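The block underneath contains the structure these notes are about, expressed in structure tokens.
Where a number appears in this text, it was derived from the coordinates with a stated rule and is not lab data. Please read all numbers here as calculations on a predicted model, not as lab measurements. All Cβ positions, glycine included, derive from the backbone under ideal geometry; neighbour counts span all protein chains shown.
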Amino acid sequence: MTTLLERPRAEVTRMPRRAQVTEIVIGVAGVLAAMVGAWMYYVPADWFLGGMAEVWYLGLLAGAGLLLATAFGLYARNALIEDRAWTNRVIGTTVIAVVALATGIAFGLVLIL
């Protein structure tokens, strides 16, 4: 009778990738806010909210930057947890999150000043 010898294997169990609904919803809200902010830049002065046009587009662009920074930051964190290393995907989305945060802060400062 023969016996089958198996080599011991080290199995790496990974958590299944969760749905990225939060990142997608926040990202879409950020993109929509940026689009409305860019559109508000070109609103004519005789429009009924024309006097607030500057506040609208600067505020929406600042909010869009913060929303996009949040969405890309969450995605980068989840990618880092999944990959367990600083891969190109993690570094790229982290850089995009930092740039979005910087633009949100810059538009916020211009709005305040």
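Here are a few things to note about the model shown:
- Hypothetical label at residue 112: residues of region 62-93 whose amide nitrogen lies under 18 Å (7 Å Cα-Cβ projection): 62-67
- Calculated FRET value between residue 32 and residue 98, using beta carbons and R₀ = 22 Å, to 0.05: 0.50
- Region 38-113 - percent relative contact order, Cα under 8 Å, separation 6 or more: 37 percent
- 20 °C / 1.002 mPa s Stokes-Einstein diffusion coefficient of region 21-112, Kirkwood radius on C-alpha pairs, µm²/s: 154 µm²/s
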